[in-house]
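*Asks:* Here it is: the structure, laid out below.
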Amino acid sequence: TKRKHSHTATQTHTPLLSRHRIIMRLFVASALLTLHFAPKARAQTTCDGVSGPFTLSDITGQCTYDLLLEEYTSQVFDAMGSTCAENKLSAKEDFDAKLVGAISDATTGEEAGDILCKAMYDNAVQVPFTNAADKGTDLNFEQMFYNGRGEWQEEVETLYEAKDENGGKAVTSRLREDARKVGEFYRADGQYSRVSWPGEGTNALPNFDSCPSNAAMCCWPKDRQANDNNGNCAKPYDENCVDNDPADNTDLCFVDLERGNASTGVDSTGPIVYSGDNNDGEGSIHCHGLAWSNDINDKTARYKANNLFFVSMYDHMYQRGYVKNVPGAPMCGCVEQMPTVSRSDCTQVDLTETITITYDAENTIFNSKLTAVHVDFNACRGINNRNNDLWAYIAKLYYQKDITREQFGEAGRIITNTNCFEATNHELNKHSLTPGYDHDVDEWTRVAGRESMYLLDPHGHMAFTRSLVPNIDDPTNAHYGIIYRACQSCIPTHKKIFYRRKTPVPDGLNLQYQVLYYSSSSRVTGNFWDVDFSLHSTYEDALNNVNPWKCPNNSFNYHYTFYGRCSPDGTGVNNQHSRFHVAGERNDVAYFVNKPEDDGLQIEPTNIIKGREYASGMALKDPTDGTIYMTGAGREIGWVRDDFNYLSEEVDGDHTAIVHVGSISVPQPHAWSKSGIIFRSGLESNAAYYGLFLTGSNGVCFQGRMYVGSYYSHFGCVQAGIKEAWI
């Protein structure tokens with residue numbers, strides 16, 4: 001006999017509990033299977049197992065063989081009155097026999113149980129995704145929507161497009177009214193049906209085609225709805241909601257234009273890089289995503305479309321008013337198409353499903369159906385108690401073996417889980433690009449740079465000071481040189497800072513050290529803010545001594561190298577300093593002085609002898625008097641291999657060299673720092689040599705290596721503590 005089963009669902013309108021938790025109640029129509037029921041004979045447990053038909057009802061949880069066996073044991077096998085003193089079969093043996101007998105494709109009970117569950121899930125009714133917006137069935141509207149286009153994305157509520165019946169101003173483009181079908185879908189079909197995935201089937205959206213990493217994400221740069229406690233759109237709309245921001249939750253690193261082509265249909269290549277964050281960079285960006293298991297029967301995979309609808313259309317657009325896309329990328333898509341960001345919020349689905357299984361003993365038929373589904377949308381629970389974090393949730397899926405290492409790795413290249421620095425540099429390197437600054441060589445000479453702004457080793461401190469160009473012709477506006485700092489990664493107000501030297505640099509002051517390395521609570525004589533120097537935003541201001549920067553409480557903080565936490569308006573600004581010997585501060589920084597490169601100190605080629613792979617340095621020659629300024633770093637001149645910077649000249653036979661070592665200074669003083677003359681048999685690191693050096697504090701010292709590859713010999717020092725010497 002055939003019997004139609006039905007139930008009544010009482011629809012409850014549950015208020016929004018939080019932005020992460022919405023309770024959705026889904027009552028699912030039975031699977032598109034004809035359910036066959038045997039006559040109402042009562043099943044009994046005999047010595048050969050349970051005989052007759054039975055029904056397993058009110059089964060809750062994801063359908064698996066283990067769950068069905070548990071329910072069979074409790075609801076049927078152990079519940080029936082046995083007619084046998086000692087059962088020959090266990091509940092598992094009896095259940096397996098029935099499953100294998102009914103499902104011919106299976107050889108074990110486990111296989112049969114999986115087939116039974118899969119058939120139930122595969123045949124469950126799915127509501128078309130297009131029902132959510134109710135704008136047609138071809139997905140054209142949804143394609144525009146997920147690319148950040150269309151009326152919901154581009155319009156803003158206004159009073160200036162229409163008049164009411166009395167001739168007054170009428171409200172148009174009100175989001176809650178224009179998109180009311182989204183609210184209705186959430187309260188109706190979206191609560192009792194599984195929604196179909198828009199990346200599959202006819203007219204599938206390319207935004208969600210495949211999704212190799214099993215993750216999707218949306219990123220919004222705009223808020224268009226007031227009074228919802230999200231974003232900064234406010235009334236009146238025509239004044240306070242023209243181009244407003246969502247609540248910021250991420251740092252936008254870059255957009256790979258080629259990545260977004262699959263959705264946008266634009267054939268573009270290369271990256272768009274966003275340095276800084278928030279108002280220091282791209283402005284406010286809000287990203288939110290979801291992820292799911294490779295197991296197609298897992299709840300996260302089966303209800304991923306419900307989750308996508310909730311995240312993109314209901315929770316963020318309908319509830320919060322978040323719209324538009326980051327240029328060059330879709331608004332929402334598989335993570336492989338989305339911009340690279342530092343993090344993303346995340347929603348997961350949690351459900352309680354009710355399943356009914358019937359067995360027709362006469363015809364040996366099993367049937368299954370979903371009778372009810374209760375879905376919760378909650379903040380994702382990721383690894384290490386990190387909730388509402390898409391990367392942490394994807395990591396959890398990986399450690400649970402729900403996705404592969406490759407999938408986790410690919411998603412991690414889009415969501416960095418740290419900051420933007422390494423990911424952005426890696427992307428730029430792929431395109432043979434690097435952040436930097438192309439200075440005007442007819443006006444400026446580079447004297448120091450680091451990371452992407454590195455070109456040559458910094459000038460030594462004497463060369464640094466020697467490069468400054470004073471202008472004392474006008475006594476009313478005299479200065480003693482201008483230093484220009486360019487910082488690629490700094491906030492806009494601090495990308496360019498001009499240091500105006502107001503007094504001559506004292507002979508004993510290492511100005512280069514003050515600019516590149518100094519950080520202390522005390523100030524150094526000869527470099528007092530507002531006495532010896534001032535800071536400006538433009539070269540013109542520095543030249544004319546106008547619009548000097550101000551400091552919080554009129555106090556320059558010398559802990560913050562070069563800029564002292566100061567700013568154009570006196571607001572205290574953190575994290576814009578760059579000590580050249582410290583990692584983790586501003587990296588892409590260079591310093592310039594106001595002298596054309598052709599007029600300044602000229603580079604003299606040197607030989608970097610790298611016996612221990614550390615040496616570096618440079619040499620500069622003053623074309624006006626022939627003075628040479630050298631810098632060098634190394635592991636030592638000595639041992640069996642040398643590591644130092646060498647300004648060499650090749651000679652034959654006897655030779656005499658006389659040099660005045662005018663000074664020696666180092667950022668981190670060492671007694672055995674060396675500068676002087678060395679005769680070598682070659683440029684190899686283990687070459688024979690004889691040298692005379694002025695050292696850091698041991699005076700003039702003599703040493704040599706008598707044979708190639710031998711250990712060096714020390715011949716003593718004289719005049720310890722002297723600061724200059726003729727050698």
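The values are calculated or read from the model by the stated rules, or taken from the named source; none is laboratory data. For clarity, every value in this text was computed on a predicted model and none was experimentally measured. Here the Cβ is made from the backbone with ideal geometry for all residues, glycine too, and neighbour counts use every protein chain on show. Remember, those area values only see protein heavy atoms, side chains included, never the ligands or the DNA or RNA. Shrake-Rupley method; radii C 1.70, N 1.55, O 1.52, S 1.80 Å.
*Asks:* Run the numbers on the chain and let me know its relative contact order in percent, using alpha-carbon pairs under 8 Å that are six or more apart.
*Replies:* 10 percent
*Asks:* Using Cα centres only, tell me the gap between segment 164-210 and segment 267-293 in whole Å.
*Replies:* 25 Å
*Asks:* Let me ask another. Once both labels are modelled 7 Å past Cα along the beta-carbon direction, what's the ASN227-ALA671 spacing in nm?
*Replies:* 7.8 nm
*Asks:* Quote the Stokes-Einstein diffusion coefficient, in whole µm² s⁻¹, for segment 493-572, based on the Kirkwood radius over alpha carbon pairs, a temperature of 20 °C and a viscosity of 1.002 mPa s.
*Replies:* 168 µm²/s
*Asks:* Say R0 is 41 Å: what FRET efficiency, to the nearest 0.05, do THR202 and THR571 get from their beta-carbon distance?
*Replies:* Rounded to the nearest 0.05, the efficiency is 0.10.
*Asks:* Could you work out how far helix 390-399 tilts from the main Cα principal axis of the chain, as a 0 to 90 degree angle to the nearest 10?
*Replies:* Approximately 70 degrees, to the nearest 10.
*Asks:* In addition: Compute the label zone of GLU649 within segment 685-727: residues whose backbone N is under 20 Å from the point 7 Å along Cα-to-Cβ.
*Replies:* 689-694, 725-727
*Asks:* If you don't mind, there's one more thing I want to ask. To the nearest 0.05, what FRET efficiency results for ALA262 and THR418 with a Förster distance of 22 Å applied to their C-beta separation?
*Replies:* Taking R0 as 22 Å, the efficiency between ALA262 and THR418 is 0.25.
*Asks:* Another question, then. Pull out a ≥ b ≥ c, the square roots of the eigenvalues of the alpha-carbon gyration tensor of segment 636-727, then state rounded if a/c is under 1.5, prolate if not and a/b is larger than b/c, and oblate in the remaining case.
*Replies:* The shape class here is prolate.
*Asks:* Just want the answer: with Cβ charges of +1 for Lys and Arg and -1 for Asp and Glu, which residue in TYR629, VAL708, VAL651 is farthest toward the dipole's positive end in segment 568-727?
*Replies:* So the residue we want is VAL708.
*Asks:* Something else now. Given all pairs of different Cα atoms, what value in angstroms does the Kirkwood hydrodynamic radius of segment 278-345 take?
*Replies:* 13.4 Å
*Asks:* To continue, here is another question. If the label point is 7 Å along Cα→Cβ of THR503, which residues in segment 517-551 have backbone nitrogen under 15 Å from it?
*Replies:* Of the residues in segment 517-551, 523-534 have backbone N under 15 Å from the label point off THR503.
*Asks:* What's the center-to-center distance, using Cα atoms, between segment 340-407 and segment 498-523 in Å?
*Replies:* If you average the Cα positions of each part, the centres end up 61 Å apart.
*Asks:* Next question, about the same structure. Can you give the FRET efficiency for ARG405 and ASP58, using 1/(1 + (r/R0)^6), R0 = 41 Å, r = Cβ-Cβ distance, to the nearest 0.05?
*Replies:* 0.55
*Asks:* Hey, another quick one. Calculate the length of the line joining the C-alpha centroid of segment 211-230 to that of segment 305-322, in whole Å.
*Replies:* Cα centres, segment 211-230 to segment 305-322: 8 Å.
*Asks:* What whole-number value in Å² describes the accessible area per residue of the chain for a 1.4 Å probe?
*Replies:* Computed with neighbouring chains in place, this is 47 Å² per residue.
*Asks:* Shifting gears a bit: Need one word for segment 566-718: rounded, prolate or oblate. Basis is the Cα gyration tensor (sqrt eigenvalues a ≥ b ≥ c); a/c below 1.5 gives rounded, then a/b vs b/c decides.
*Replies:* Because a/c hits 1.5 or more and a/b exceeds b/c, segment 566-718 counts as prolate.
*Asks:* Hey, if we sort THR358, THR352, THR137 by accessible area with the 1.4 Å probe, largest down, what's the order?
*Replies:* THR137, THR352, THR358
*Asks:* Return the distance in nm (one decimal) between the two label points of a simple spin-label model at VAL582 and ASN607, each offset 7 Å from Cα along Cα→Cβ.
*Replies:* Label-label distance for VAL582 and ASN607, simple model: 3.9 nm.
*Asks:* What is segment 321-387 by shape, rounded, prolate or oblate, if you read a ≥ b ≥ c off the alpha carbon gyration tensor as root eigenvalues and call it rounded for a/c under 1.5, prolate for a/b larger than b/c, and oblate otherwise?
*Replies:* Taking the square roots of the gyration eigenvalues as a ≥ b ≥ c, segment 321-387 is prolate.
*Asks:* Got the relative contact order for segment 367-511 handy, in percent, Cα pairs under 8 Å and 6 or more residues apart?
*Replies:* For segment 367-511, the relative contact order is 11 percent.
*Asks:* Report the percentage of all Cα-Cα pairs in the chain whose separation exceeds 40 Å, rounded to a whole percent.
*Replies:* Result for the distance tail: 55 percent.
*Asks:* Could you size up the charge dipole of the chain around its Cα centre, putting +1 on the beta carbon of Lys and Arg and -1 on that of Asp and Glu, and report it in debye to the nearest 20?
*Replies:* About 1500 debye.
*Asks:* Do any chymotrypsin sites (Phe, Trp or Tyr not before Pro) in segment 630-708 lie in a DSSP loop with no more than 12 other beta carbon atoms within 10 Å, and if so, which?
*Replies:* TYR707
*Asks:* Counting alpha carbon pairs within less than 8 Å and at least 6 residues apart, what relative contact order, in whole percent, applies to segment 548-630?
*Replies:* The value is 16 percent.
*Asks:* Same structure, new question: Between ASP238 and LYS181, 0.36 nm times their residue separation minus their Cα-Cα distance comes to what?
*Replies:* 18.0 nm
*Asks:* Put MET618, MET462 in order of accessible area, largest first, 1.4 Å probe: what do you get?
*Replies:* The most accessible residue leads, giving MET462, MET618.
*Asks:* Ordering SER648, SER681 by accessible area with a probe of 1.4 Å, largest first, what comes out?
*Replies:* SER681, SER648
*Asks:* Here's another thing I want to ask about it. Counting only residues 5 or more places away or on other chains, whose amide H sits under 5 Å from the amide H of MET331 once H atoms are built in the peptide plane?
*Replies:* Placed amide hydrogens put ASN147, GLY148 under 5 Å from MET331.
*Asks:* Follow-up. Expected output is a single nm value to one decimal: the length gained when fully extending between ASN387 and THR137, i.e. 0.36 nm times separation in residues minus the C-alpha distance. What is it?
*Replies:* 86.4 nm
*Asks:* Counting helices only, and only those DSSP H runs with n ≥ 4, report the 222 nm mean residue ellipticity of the chain as the sum of -39,500 (n - 2.57) divided by its residues, in deg cm²/dmol to the nearest 500.
*Replies:* -4500 deg cm²/dmol
*Asks:* By what distance, in whole Å, do the Cα atoms of segment 109-154 stretch along each of the three principal axes, largest value first?
*Replies:* For segment 109-154, the Cα extents along the three principal axes come out at 56, 17, 13 Å.
*Asks:* Find how much the distance from SER697 to THR73 grows on full extension, using 0.36 nm per residue of separation minus their present alpha carbon separation; answer in nm with one decimal.
*Replies:* Length difference between fully extended and current span is 215.8 nm.
*Asks:* Label-point separation (nm) for THR538 and ILE727, each offset 7 Å from Cα along Cα-to-Cβ?
*Replies:* Here the modelled spin labels are 5.0 nm apart.
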